[in-house]
Amino acid sequence: MISKGEQVIREWYRQKNWTQFAFQKEMADAYLSGFSGLLNAPTGSGKTFALFLPFLADFINKHPENYTTQKNNGLLMLWITPLRALTNDIKKAMQEVCNDIGLPWTILTRTGDTSAADKAALKKKLPEVLLTTPESLHLMLAQKEYPKMFQNLQVVVIDEWHELLGTKRGVQVELGLSKLKTRSPLGEGWGGLRIWGISATIGNLEQAAEVLLGNDFPAERIKMVRANLDKKLDIRSVIPENIENYSWAGHIGVKLLPQVMEIVARSKTTLIFTNTRSQSEIWYHAILDNYPEYAGVMAMHHGSLDNELRNWVEQALHAEALKVVVCTSSLDLGVDFRPVDTVVQVGSPKGVARFMQRAGRSGHHPGAVSRAYFVPTHSLELLEGAALKQAIKQGVFESRDPMLLTMDVLIQYMVTLAVSDGFRADELYSEVKSTFAFADLRRDEFNQLLDFITNGGKTLAQYDEFLKVEIENGLYKVNSRRVAMRHRLSIGTITSELSIRVKWLSGGSLGTIEEGFVAKLKPGNTFWFAGRSLEFIRVKEMTAYVKKSNAKKGLIPSWAGGRMPLSSQLSAVFRDKLDEVAHGIEQDIEVKALKPLFDLQAQLSHLPQRHEFLIESFKSREGHHLLFYPFEGRLVHEGMASLLAYRISKIKPASFSIAMNDYGFELLTDEDIPIEKALEDVAFFSIENLLDDIQSSLNSNEMARRRFRDIAHIGGLVFTGYPGQPVKNKHLQASTSLLFEVFNEYEPDNLLVRQAYNEALAFQLEEFRLRAALQRISTQTIVLKTIERPTPFAFPIMVDSLGRERLTTETMEERIAKLARNYAVDDTEKLPKTRNRKPGITRKKGF
DNA sequence: GACCTGCTGCGGATTG
């Protein structure tokens, strides 16, 4: 005997002519039996229905006779997604089902886009289902009498949980949930509220569920539902026709444009993913220049383009009006674009999961094949193509590590609650302790935070602006309207640099570029942005005004952003591939194509096997070069380079400059380096004294100061300004820097400062990975080769070397002069030609 | 001739 609700679901699938997948049945069973848990399903697999339909069935079962007239029960389902854009898509799908089965419900969304009138209406009459973002959830918690809003809540769904996990937005979700569970009508604690996460496949699914549900969730009420859909992937590398002439270094990859355009021509709709916004612009421009027939059926999509422009592109993709879109990861999530049948990835995707995610953008029908091409931007990167295929075959996925004890997020949350109805310390402490993130929060730490929001802590007590929260009969409350307003304005954990808006003189916005780029422009200059040729007119009030230009050439802006290292999973498979090469047992076409390159590497130096660690040493007019190849990603290399430089300098004082990429790093000095002696020293690669040596070798103070900027924003120590009137970056930097100094000097045990140091260690240095890499190297056989000239492994690193960082305080002028004097012409002349870089241009420090 | 790495994500008041 099946229930009325289940009948309705089945009937709905039948009418749609859809088959109900096994995982959808399993999901319905779990839901209807009252479980909470995690649904592991890829986008476009019908996961929304998998959760929404059982929820409806459950409701129908409670009112089997008259469900079509039931309404106004209050908010029953809260659906949280990380993306504003997704809320409307999902709302449409849900509303359709309700209409189909005759349920008189309105599905609403509440995000920053929601009009003030709708937000006010929402307070008066609650919808049965509400779709929102983590930030909006916290804004709701900052409203007076917010418990009323959630008093009937039955289920919370966190969509794309893998996207939030591992970020401070994820911690925000954990805290929000810890509050909602206490508001459940079905009993205190985890009495009845069901919580479901939806996640794509990641390396730590079990942990993802654990983090979502918190520490006190009864294990017997947790289910993991997996959509074992067999998605067919067809992955191919684009192999340069003449590998011996292909660049040894470089990141743009435009040389392979003809091959890519052949793929585009063969396909219906292609997404070309690039790794940076600037690279998107360059590729778009290159296509327009060389294949003008694509004008009109080609578009671009990245994070600095105006929203309106991006919405248009998304619509046009749906409407099958576009043949090719050049984009960054701004298109690798969310909305499903059915017409897309081919994905091209230009340059290393840096991780297996990211590549899968992007490949999955093509062939978005059940049963369709996802077709993805990998385009290397330099020769050695082709080996990553082989590694990617192997990793996918083996099902190797990166994990998303949950963030722990993020005090800035907690402070923000405490003030949020104080702004609305206020909180009591003991109660809040136990709620917060129930989250995964704050399971280890000590009471004295919590008290320190309480002291901080009420008295400004030890150091800021005399400044009124830090005394936000007052205590009335044990209730922590914000009474100042100004403090409350400012706080609501700064809820959220995403911080970003100030940018300059680009607008037509005639009105209408194109997007944003960075201050530094605008500073390079003179009125009348042409630059390319958003795929158009623009003439720069002037800057006024954070806006650059432009008009259309007919110039064919122009500067292309670049943006400063995060630098993702090669993931440790992909690095490991990359090393496996290299081992195959060294043993001559390579099978992959990528590796076979690279044979000439590897032969040269073997001839000039050595091809390391799994148990070997290669170090190359050579002298040029620039000085003594040492090259190390851990193949562990650039962040680890950066840390390891500084560490080894420090350890060498203990044997013989020297000043080093450092260059690195995802495969290895270089140490360069004008002194003779006693490398053999250093290698004899057992402690050279040792993890003993690692933290101390890191402290001495790197400017950890500066690294922490950088992290502290964001922490201070999130923790509400600085006010970033009213909408439309941002506080100047310079001022913000000065004030966070000052705060950092003050804490460092007078309150070294300050929790936010401690957090800054921890974040720097974990994210800037990837300390955990660095440790593992050193341990691996200490078991390997060191192969030290003296080489005559840069090898295929060395060259890409050395090309980047002009952006190298000085470990000593040698001034810039001296450096440039020395470079100009010593630039080793005879060494570089023989090398394959790559892009030109102006000597003397330095890249900003990484931290 | 220039450009030649560096992603993504959200939210928002009041006064005059």
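The values are calculated or read from the model by the stated rules, or taken from the named source; none is laboratory data. The model shown is predicted, which means the values in this text are computed figures rather than measured ones. In this analysis, Cβ positions are derived from the backbone assuming ideal geometry, glycine residues included, and neighbour counts consider all displayed protein chains.
Residues that are closer than 20 Å to A:GLU431 by Cβ and in the same structural domain as A:THR87 (by TED's automatic domain parsing), at least 2 per element: which helices (runs of 4 or more DSSP H) completely within region A:140-182 meet that?
Per the criteria, A:146-150, A:168-182.
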Residue count for region A:396-429, restricted to those that are closer than 17 Å to A:SER571 by Cβ and without any contact (Cβ under 8 Å) to a residue 40 or more places away in the chain: 0
Check on A:ALA299, near DNA strand B (Cβ under 10 Å from one of its atoms), among the small types (Gly, Ala, Ser) and either touching a Pro at 6+ places or on another chain (Cβ under 8 Å) or closer than 23 Å to A:GLY554 by Cβ (or both): no
Considering residues of region A:740-775 that are within 18 Å of A:VAL409 (Cβ to Cβ) and within 21 Å of the chain's Cα centre (by Cα) only, the residue surrounded by the most Cβ atoms within 10 Å (Cβ to Cβ): A:ALA756
A:LEU566 within 16 Å of DNA strand B (Cβ to nearest atom), outside any loop (DSSP other than H, G, I, E, B) and of a type in the set (A, V, I, L, M): no
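Is it the case, given these coordinates, that A:LEU38 is crowded, with 22+ Cβ neighbours inside 10 Å, farther than 30 Å from A:SER370 by Cβ and more than 16 Å from DNA strand B (Cβ to nearest atom)?
It is false that A:LEU38 is crowded, with 22+ Cβ neighbours inside 10 Å, farther than 30 Å from A:SER370 by Cβ and more than 16 Å from DNA strand B (Cβ to nearest atom).
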Test: residue in region A:753-766 that is modelled with pLDDT of 90 or more and more than 30 Å from A:ASP451 (Cβ to Cβ): yes
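Quick grid of which residues meet (1) surrounded by fewer than 21 Cβ atoms within 10 Å (Cβ to Cβ); (2) under 30 Å from A:ALA794 (Cβ atoms):
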| residue | (1), (2) |
| --- | --- |
| A:TRP312 | yes, no |
| A:GLU320 | yes, no |
| A:PRO349 | no, yes |
| A:MET356 | no, no |
| A:ARG371 | no, no |
| A:THR377 | no, yes |
| A:ALA387 | no, yes |
| A:VAL396 | yes, yes |
| A:ILE411 | no, no |
Test: residue in region A:144-157 that is surrounded by fewer than 20 Cβ atoms within 10 Å (Cβ to Cβ) and among the basic types (Lys, Arg): yes
Residue that is buried (at least 19 other Cβ atoms within 10 Å of the Cβ) and of a type in the set (Asp, Glu), where the choices are A:ASP662, A:ASP670, A:ASP681, A:ASP692: A:ASP662
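Would you check if there is a residue in region A:614-625 being outside any strand (DSSP E or B), in contact with a Gly (Cβ under 9 Å, 6 or more places away or on another chain) and among the hydrophobic types (A, V, I, L, M, F, W, C)?
no
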Among (1) in a helix (DSSP H, G or I); (2) under 23 Å from A:ALA712 (Cβ atoms) - the single one A:PRO402 does not satisfy: (1)
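For region A:316-324, check the following and say yes or no: at least one residue is among the basic types (Lys, Arg), under 20 Å from A:GLU160 (Cβ atoms) and not assigned by TED's automatic domain parsing to the domain that holds A:THR87.
Within region A:316-324, none of the residues are among the basic types (Lys, Arg), under 20 Å from A:GLU160 (Cβ atoms) and not assigned by TED's automatic domain parsing to the domain that holds A:THR87.
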Qualifying positions in region A:313-350 - free of Cβ contacts under 8 Å to residues at least 60 places away in the same chain, of a type in the set (A, V, I, L, M, F, W, C) and out of contact with any strand residue (DSSP E or B) (no Cβ under 8 Å at 6 or more places or on another chain): A:ALA319, A:ALA321
Every pair of residues 6+ apart whose Cβ atoms lie under 7 Å, when the first sits in region A:439-465 and is closer than 19 Å to A:THR416 by Cα while the second is among the aromatic types (Phe, Trp, Tyr): A:PHE446/A:TYR429; A:GLY456/A:TYR463; A:GLY456/A:PHE466
Residues located in region A:273-291, provided they are over 20 Å from A:LEU534 (Cα atoms) and within 13 Å of DNA strand B (Cβ to nearest atom): A:PHE273, A:THR274, A:ASN275, A:THR276
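Looking at the structure I just gave you, is A:ARG538 of a type outside the set (A, V, I, L, M, F, W, C) and touching a residue at least 60 places away in the same chain (Cβ under 8 Å)?
No; evaluated as a whole, the condition is false for this residue.
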Where A:LYS830 falls short, out of the listed (1) within 30 Å of A:ASP579 (Cα to Cα); (2) at pLDDT 50 or above: (2)
Residue among A:PHE743, A:PHE708, A:PHE719 that is within 12 Å of DNA strand B (Cβ to nearest atom), aromatic (Phe, Trp, Tyr) and either in the same structural domain as A:ASP464 (by TED's automatic domain parsing) or assigned to a helix (DSSP H, G or I) (or both): A:PHE719
Residue ID - farthest from DNA strand B (Cβ to nearest atom), chosen from residues in region A:541-562 that are touching a residue at least 60 places away in the same chain (Cβ under 8 Å) and under 25 Å from A:PRO726 (Cβ atoms): A:MET542
Residue within region A:637-655 that is outside any helix (DSSP H, G or I), of a type outside the set (Asp, Glu), closer than 16 Å to A:LEU765 by Cα and modelled with pLDDT of 90 or more present: no
Count of region A:90-100 residues which are more than 16 Å from DNA strand B (Cβ to nearest atom), of a type in the set (A, V, I, L, M) and at pLDDT below 95: 1
Test: residue in region A:136-151 that is among the aromatic types (Phe, Trp, Tyr) and in contact with a Gly (Cβ under 8 Å, 6 or more places away or on another chain): no
3 or more residues buried (at least 19 other Cβ atoms within 10 Å of the Cβ): qualifying strands (runs of 3 or more DSSP E) within region A:190-251: A:194-199
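Here is a list: A:THR109, A:THR114, A:THR87, A:THR81. Which entry is polar (S, T, N, Q), within 9 Å of DNA strand B (Cβ to nearest atom) and more than 22 Å from A:THR43 (Cα to Cα)?
Details: A:THR109 fails: more than 22 Å from A:THR43 (Cα to Cα); A:THR87 fails: more than 22 Å from A:THR43 (Cα to Cα); A:THR81 fails: more than 22 Å from A:THR43 (Cα to Cα).
Answer to the selection: A:THR114.
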